[in-house]
Amino acid sequence: MPQTIAVLDFGSQLTQVIARRIRECQVYSKIFHFSTPAAKLREEGVIGIILSGGPQSVYAKTAPHPDPAIFELGVPVLGICYGVQLMGHFLGGHVSHSKEREYGHGHLTIKQPGKLFAKLPRKLRVWNSHGDKLTKLPPGFRPIGTTENSPYAAIEDATRRFYGIQFHPEVFHTERGVDMIRNFLLGVCRAKQDWTTRDFISRTIAEIRAQVGKGRVILGLSGGVDSSVAAALLHKAIGKQLTCVFVDNGLLRKGERDYVQKLYGRHFHIDLRVVDASKLFLRRLKGVTEPEQKRKIIGRTFVAVFEKSLKSIGHAEFLGQGTLYPDVIESVSIGNNPASLIKTHHNVGGLPARMKLKLVEPLRQLFKDEVRRVGAALGLPREVVWRQPFPGPGLGVRVMGDLTAEKLEILRNADAVLHDEMMASGYYYKVWQSFCVFLPVRTVGVFGDERTYDYVIALRVVESIDAMTADWARLPHELLQKISSRITNEVRGVGRVVFDISSKPPATIEWE
Ligand code: XMP
C-alpha cells in the first residue's frame with residue numbers, strides 16, 4: 001500500500017475535492033467516515049489526517065464528532081473549517097456559535113509562515129464558508145494567519161503537528177490553496193510522493209495477479225472510459241485469463257461495434273466475445289414510450305443477455321468491473337450533501353451474487369481523471385481515454401417515444417455527422433457531451449423541386465463539470481451551419497435541424 005493520508009468526512013460537499021488535491025500532490029488519500037476509530041486508522045498505516053468541513057455546528061445535537069483518540073495517534077492533523085472548530089472543541093479552546101455564515105472571499109495575512117505557509121506570499125485571497133468561529137485557542141496553539149473577520153483564521157501547534165484553517169484551501173478561489181495542502185503533506189507529514197500512474201499500474205497488476213491466481217475473469221466491455229481502462233489493465237495483468245463480453249444492444253452509435261472489435265480484439269489481442277442481441281432488445285422495446293420503462297427493459301435485457309453469454313463462455317470465478325472511487329465511497333449523510341447518496345454501483349446489477357462471482361475492481365481507488373491517465377499510460381487511444389460520456393441505455397433514450405430500426409438508423413447517421421464535425425473542429429474535446437436527438441415530428445420542407453415531409457433532429461451540445469448542472473455550448477455559427485446542412489443533405493429522412501438552448505436545470509442533458 002502507498003502511504004495514506006486519511007480525510008475524515010464530516011459531510012462537506014468538498015470532501016472529495018480535498019482527496020483529489022492530495023492526490024494531485026502525488027500522495028495517496030482515502031476518505032473515511034468521521035467516526036472511524038483511531039485504531040482502524042493506525043491499522044491502515046495512516047501518516048496524517050485531514051478533518052473536512054461540514055455543514056453542522058459543533059454544538060448541534062447531531063453534530064458529527066470524531067473518535068477523540070485520533071488526537072493521540074501522534075500523526076499530524078489538519079482541520080479545515082468545521083475541522084478546525086472540532087480541534088478547538090476537543091482540545092480545550094472555545095468555538096462561538098453564529099447563526100450567520102461568512103461566505104465568500106477574505107484576505108489572509110500570514111503572521112508566521114511556519115511549515116504550513118512555507119514559501120507563500122504574506123497576503124492571499126482565500127475562500128470562506130463557515131458559521132461558527134474559533135474564539136479561544138486551545139492550549140499549545142498559536143495564531144499563524146488572520147483574516148479581516150478572524151484573528152484565528154489559521155492556527156498551529158507545531159509540537160504536536162496540529163494545524164487548523166478556517167477557510168477552504170481545496171477550492172480554486174483560494175490562492176495557493178494546493179500549496180498549503182502540499183506543505184502539510186510534504187513538510188509536516190513528510191509524505192513520500194508515491195502515488196503516480198506508473199506506481200499505481202505496477203502495484204495494481206501485482207494485486208490483480210494475487211487475487212485472481214490462475215482463475216478466469218469476465219468483464220462486460222461497454223466501450224466507455226471506465227470499462228475500457230479496466231479491460232486494458234486486467235489484460236496487462238492476466239492476459240488470456242481475461243474474457244471480455246461486448247453486447248450489441250442495437251442502441252449503439254454508428255461504427256461502435258466495429259471499433260471495439262478492432263481495438264480490443266485485433267490491436268490489444270484481448271479475448272473478446274461480441275454478442276449481437278439487437279433484435280431481442282428491439283423486440284422487447286417495441287411500442288414502449290415511457291423513458292423509465294425503456295431504461296428498465298434495456299437494463300434487464302442486458303443482464304439476461306450477459307448472463308447467458310457467461311454460461312456459453314464456460315466457468316469463471318471473477319467478474320471484472322470498472323467501478324470508480326466516487327461510486328464506492330460511502331459519504332456521510334449530513335444536511336443536504338448531494339455526495340451523501342450511497343451508490344451501490346454494480347454495472348451488471350445483481351449478477352455477481354447470483355452467479356457466485358467474486359468482483360475484481362482494479363479502478364476502485366481512482367477518480368475519473370486518474371483513470372484517464374492510467375488509460376493513456378496503457379496505450380489506449382485519445383478517442384477512448386477522452387471519450388464523452390454515453391448513457392447505458394444508449395440511443396434508446398435519444399429517440400423520443402417508441403423505437404424502430406428506421407428511426408434508430410436516421411439518428412445514428414445524423415449523430416455520425418455531428419461527431420465528425422465536432423472532431424474536425426476540435427470542439428468534441430472542449431464540451432461535455434455532443435449528440436443528436438431524434439424527434440418523431442414530421443415537418444414540411446423542400447428538397448430540390450420536391451416538397452418533403454420529414455423528421456426533425458435536435459442537436460444537444462453542453463458544457464458541464466460533473467453533469468449535475470450544464471449549459472448549452474456556444475458553438476460558432478459557421479460550425480452549426482455546416483452540421484445542419486450536412487445532416488439535411490446527407491441523412492435521408494431528416495428535413496430540419498434544431499439546436500437545443502436549454503440549460504440544466506431546468507432541462508436535463510438527455511431528452512428522456
Ligand atoms: P441527465 O439527462 O440526467 O444526464 O442530465 C446526466 C448525465 O448522465 C447520463 N445519463 C445516463 N447514464 N444511464 C447512464 O449510464 C442512464 O440511464 C443515463 N441517463 C443519463 C447523461 O448522458 C449525462 O452525461
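The values are calculated or read from the model by the stated rules, or taken from the named source; none is laboratory data. All values derive from a computational prediction rather than experimental measurement. Glycine also receives a Cβ, built like all others from the backbone with ideal geometry; neighbour counts cover every protein chain displayed. All accessible areas refer to the heavy atoms of the entire protein, side chains included, with ligands and DNA or RNA removed. Shrake-Rupley method; radii C 1.70, N 1.55, O 1.52, S 1.80 Å.
Taking H as built 1.01 Å from N, whose amide H comes closer than 5 Å to the amide H of residue 79, not counting residues under 5 places away?
Distant-sequence amide H within range of residue 79: 51, 163, 164, 165.
Expressed in nm to one decimal, what extension gain is obtained for the pair residue 402 and residue 308 from 0.36 nm per residue of sequence separation less their Cα-Cα distance? Kindly include the intermediate steps, with their values, before the conclusion.
On the way: separation 94, 0.36 × 94 = 33.84 nm, distance 2.66 nm.
Fully extending the segment from residue 402 to residue 308 adds 31.2 nm.
Just check segment 4-188 against the gyration tensor rule for me: Cα atoms, a ≥ b ≥ c as the square roots of the eigenvalues, rounded for a/c under 1.5, and otherwise prolate or oblate depending on whether a/b exceeds b/c. Mind dumping the intermediate values first?
Details: a/c = 1.35, a/b = 1.11, b/c = 1.22.
Note, shape of segment 4-188 comes out rounded.
Between helix 291-313 and the chain, what is the angle of the helix's C-alpha long axis to the longest principal axis, kept within 0 to 90° and rounded to the nearest 10?
With both axes taken from Cα atoms, the answer is about 90 degrees.
Out of the DSSP beta bridges found with both residues in the chain, what percent are antiparallel (nearest 5)?
Working: 36 of 76 bridges.
Among the beta bridges of the chain, antiparallel pairing accounts for roughly 45 percent.
For segment 104-260, restrict the atom set to alpha-carbon positions and state the Rg and Dmax in Å.
Looking at segment 104-260, its Cα Rg and Dmax stand at 24.6, 68 Å.
With point charges of +1 on the Cβ of Lys and Arg and -1 on the Cβ of Asp and Glu, referenced to the Cα centre of the chain, which listed residue (191, 52, 155) lies farthest in the positive direction of the dipole?
The Cα lying farthest towards the positive end belongs to 191.
Once the piece of chain linking residue 444 and residue 123 is laid out straight, how much longer is it, given 0.36 nm per residue of separation minus the C-alpha distance between them?
Working: separation 321, 0.36 × 321 = 115.56 nm, distance 6.45 nm.
That pair, residue 444 and residue 123, stretches by 109.1 nm at full extension.
Given a 1.4 Å probe and heavy atoms of the protein chains only, how would you sort 477, 173, largest accessible area at the top?
Working: 477 145, 173 95 Å².
Order by accessible area, largest first: 477, 173.
Report for segment 405-512 the percent antiparallel among DSSP-assigned beta bridges with both residues inside it, nearest 5.
Numbers: 15 of 20 bridges.
Counting DSSP beta bridges with both partners in segment 405-512, the antiparallel share is about 75 percent.
Return the sequence-ordered ³J(HN,Hα) values of segment 9-17 in whole Hz as given by the Karplus equation 6.51 cos²θ - 1.76 cosθ + 1.60 applied to θ = phi - 60°, using x for Gly and Pro.
Each residue's phi maps through the Karplus curve to give 9, 9, x, 6, 5, 9, 4, 5, 5 Hz.
Roll a 1.4 Å probe over the protein heavy atoms and report the accessible area of residue 300 in Å², nearest 10.
So the heavy atoms of residue 300 present about 150 Å² to solvent.
How much FRET efficiency would the formula 1/(1 + (r/R0)^6) give for residue 289 and residue 158, where r is the Cβ-Cβ distance and R0 is 56 Å, rounded to 0.05? Let's see the in-between values first.
Numbers: r = 66 Å, r/R0 = 1.19.
Working from the Cβ atoms, E equals 0.25.
Roll a 1.4 Å probe over the protein chains and send me the accessible area per residue for the chain in Å². It would help to have the intermediate numbers written out before the result.
On the way: 23360 Å² over 512 residues.
It amounts to 46 Å² per residue over the chain.
With just the Cα atoms defining each centre, how far is segment 365-438 from segment 71-115? Give it in Å.
Result: 44 Å between the Cα centres.
Could you give the size of the charge dipole of segment 398-499 about its Cα centre, using +1 on the Cβ of each K and R and -1 on the Cβ of each D and E, expressed in debye and rounded to the nearest 20? Don't skip to the end; give the middle numbers.
Numbers: 12 positive and 14 negative charges, 22 e Å.
Value, rounded to 20: 100 debye.
Helix-derived [θ] at 222 nm for the chain: sum -39500 (n - 2.57) over DSSP H runs of at least 4, divide by residue count, nearest 500?
On the way: 15 runs with 155 residues, N = 512.
Value at 222 nm, helices only: -9000 deg cm²/dmol.
Which shape class applies to segment 402-512: rounded if a/c is under 1.5, otherwise prolate when a/b exceeds b/c and oblate if not, where a ≥ b ≥ c are the square roots of the Cα gyration tensor eigenvalues? Provide the component values of the computation, followed by the final result.
Numbers: a/c = 2.00, a/b = 1.52, b/c = 1.32.
Since a/c reaches 1.5 and a/b is larger than b/c, the shape of segment 402-512 is classed as prolate.
Note down the relative contact order for segment 433-512 as a percent, whole number, built from C-alpha pairs under 8 angstrom at least six residues apart.
Working: 125 pairs, mean separation 25.7, N = 80.
Reported as a whole number, the value is 32 percent.
Can you compute the modelled spin-label distance between residue 262 and residue 135, with each label point 7 Å from Cα toward Cβ, in nm?
That separation, rounded to one decimal, is 7.0 nm.
How far apart, in nanometres, would the label points at residue 479 and residue 409 be if each is projected 7 angstrom from Cα along the Cα-to-Cβ direction?
3.1
Could you go through segment 122-128 in sequence order and give the Karplus-derived ³J(HN,Hα) for each residue, using 6.51 cos²θ - 1.76 cosθ + 1.60 with θ = phi - 60°, rounded to whole Hz, and x for Gly and Pro?
Residue by residue, segment 122-128 yields 6, 10, 9, 7, 10, 10, 10 Hz.
By how many nm would the segment from residue 430 to residue 103 lengthen if fully extended, with 0.36 nm per residue of separation less the alpha-carbon distance?
Working: separation 327, 0.36 × 327 = 117.72 nm, distance 3.12 nm.
Gain on extension, residue 430 to residue 103, equals 114.6 nm.
Convert each backbone phi in segment 157-162 into a coupling constant with the Karplus relation 6.51 cos²θ - 1.76 cosθ + 1.60 (shift: θ = phi - 60°), then list the ³J(HN,Hα) values in order as whole Hz, x for Gly and Pro.
Each residue of segment 157-162 in turn: 10, 5, 5, 7, 6, 9 Hz.
Rounded if a/c is under 1.5, else prolate if a/b beats b/c, else oblate: with a ≥ b ≥ c from the C-alpha gyration tensor eigenvalues square-rooted, which is segment 11-111? Display every interim value, and only then the final one.
Details: a/c = 1.68, a/b = 1.24, b/c = 1.36.
Oblate shape, in that a/c is at least 1.5 and b/c is the bigger or equal ratio.
Let me know the charge dipole size of segment 459-512 about its Cα centre in debye, to the nearest 20, where only the beta-carbon of Lys, Arg (+1) and Asp, Glu (-1) is charged.
Details: 7 positive and 8 negative charges, 63 e Å.
Result for segment 459-512 is approximately 300 debye, rounded to the nearest 20.
Put a dot 7 Å past each Cα toward the Cβ at residue 206 and residue 489; how far apart are the dots in nm?
Here the answer is 5.9 nm between the modelled labels.
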